[in-house]
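Visitor: Quick one: this structure, given as structure tokens, is what I'll be asking you about.
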Amino acid sequence: MKKGRLIIFSAPSGCGKGTMLAEILKDKNYRCSVSATTREPREGEKNGINYYFLTRKEFEQKISENSFLEYAEYCQNYYGTLLSEVDDYLEKGTDVILEIEVQGALKVMQKRQDAVSVFIAPPSINELRRRLKKRGTETEAVIEERVSQAEREISQAKNYDYIIVNDVLENAVSDFFAVMRAERLKSEFSDDIIK
Ligand code: 5GP
């Protein structure tokens, strides 16, 4: 049986990553890895579904046990991908999506060179600012901080295999499936056809 593909999926806040992932995950061949974090759960978030919510002590214990494929500190909290969320599923042929920020993504690219990396970009910085304002959940200062953070993240986008601009949701989702379709046809993953 063919192993699943490991997919790195990063996007600055406000790029519609959540909506895109919800569409992609309707296809049951894909699974999104559940990360561990030390941040507080937001309203409605459940342990083991959205994240594994750990204390700093528990998280550091897992670091010392080498339980993570990668971890990073982001906005004063730890976030990490547990190996147990990745390898068993890949072995069973499921494609595993890691929804992670840029520092963690760069680590996975180094460790797993067969991973496919996809960066989701906004159509423009002004459009990103407009979308964040429309959400109406953050103050002007927080919005500007998110916009600067997004600019820093976008400057790393060239390290990814693919950049998908999320202007129209259906097009962005269809671009993602096109990427995965092409990836499956790469000669290096076709040793079962051509020996
Ligand atoms: P949030 O707190 O909004 O859920 O996530 C904040 C950031 O952490 C997002 O950019 C998200 O992609 C990233 N993130 C979530 N899980 C992981 C992880 O396991 N590793 C890394 N490096 N980043 C993560």
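The values are calculated or read from the model by the stated rules, or taken from the named source; none is laboratory data. It should be emphasised that the depicted structure is a prediction, and the values quoted were computed from it without experimental measurement. Note that we place each Cβ from the backbone using ideal geometry, even for glycine, and neighbour counts take in every protein chain shown. Surface areas here come from the heavy atoms of the whole protein model, side chains and all, with no ligands, DNA or RNA. Shrake-Rupley method; radii C 1.70, N 1.55, O 1.52, S 1.80 Å.
Visitor: What percent do you get for the relative contact order of the chain when only Cα pairs under 8 Å and 6+ apart count?
Guide: 30 percent
Visitor: With both bridge residues required to lie in the chain, what share of the DSSP beta bridges run antiparallel, to the nearest 5%?
Guide: Bridges in the chain that DSSP calls antiparallel: roughly 30 percent.
Visitor: Quick one: which residues, 5+ away or cross-chain, put their amide H under 5 Å from the amide H of TYR78? H built at 1.01 Å from N.
Guide: So TYR78 has HN proximity to THR38, ARG39.
Visitor: Where in region 26-50 is the amide nitrogen less than 19 Å from a point lying 7 Å along the Cα-to-Cβ axis of ILE63?
Guide: Residues passing the 19 Å test: 35-40.
Visitor: Can you give the convex hull volume per residue for the Cα atoms of region 1-87, as a whole number of Å³?
Guide: Enclosed volume per residue, from the Cα hull, is 120 Å³.
Visitor: Further question on the same structure: Based on Cβ point charges of +1 for Lys and Arg and -1 for Asp and Glu, what charge dipole magnitude is obtained for the chain about its Cα centre, in debye rounded to the nearest 20?
Guide: For the chain, the charge dipole is close to 220 debye.
Visitor: Please go through region 19-121 and write out the trypsin sites (Lys or Arg not before Pro) that DSSP classes as loop and that have at most 14 other C-beta atoms within 10 Å.
Guide: LYS26, LYS28, ARG42, LYS46, LYS92
Visitor: Enter the Cα centre distance for the pair region 8-28 and region 137-195, rounded to the nearest angstrom.
Guide: Cα centroid of region 8-28 versus Cα centroid of region 137-195: 9 Å apart.
Visitor: Let me ask you something else. How large is the direction-averaged shadow of the alpha-carbon convex hull of the chain, in nm²?
Guide: Computing the convex hull of the Cα atoms and averaging its projections yields 11.9 nm².
Visitor: Among MET180, SER33, SER64, whose Cα projects farthest towards the positive end of the dipole of the chain, with charges put on the beta-carbon of Lys, Arg (+1) and Asp, Glu (-1)?
Guide: MET180
Visitor: Note down the relative contact order for region 1-96 as a percent, whole number, built from C-alpha pairs under 8 angstrom at least six residues apart.
Guide: Computed value for region 1-96: 41 percent relative contact order.
Visitor: Roughly how many debye, to the nearest 20, is the charge dipole of region 45-106 about its Cα centre, given +1 on each Lys and Arg Cβ, -1 on each Asp and Glu Cβ, and no other charges?
Guide: Dipole size: approximately 220 debye.
Visitor: Taking all protein chains in place and a 1.4 Å probe, what share, in percent, of the accessible surface of the chain do carbon and sulfur account for?
Guide: In the chain, the share of accessible area belonging to carbon and sulfur is 49 percent.
Visitor: What does region 42-90 give for Rg and for Dmax, in Å, if only its C-alpha atoms count?
Guide: 11.4, 31
Visitor: Something else now. I'd like the distance between the alpha-carbon centres of region 100-130 and region 32-81, rounded to an integer number of Å.
Guide: 19 Å
Visitor: Now for a different question. I need the phi-derived Karplus couplings for region 87-93: 6.51 cos²θ - 1.76 cosθ + 1.60, θ = phi - 60°, integer Hz, Gly and Pro marked x.
Guide: Result, ordered by residue: 5, 4, 5, 4, 4, 7, x Hz.
Visitor: Now a separate question. What do the square roots of 5 times the Cα gyration tensor eigenvalues come to for region 104-195, in whole Å, largest first, as semi-axes of the equivalent ellipsoid?
Guide: 33, 16, 8
Visitor: Farthest toward the dipole's positive end in region 64-116, which of GLN76, LEU106, LEU90, given Cβ charges of +1 (Lys, Arg) and -1 (Asp, Glu) about the Cα centre?
Guide: Of GLN76, LEU106, LEU90, it is LEU106.
Visitor: At a probe size of 1.4 Å, how large is the accessible area of GLU101, to the nearest 10 Å²?
Guide: 40 Å²
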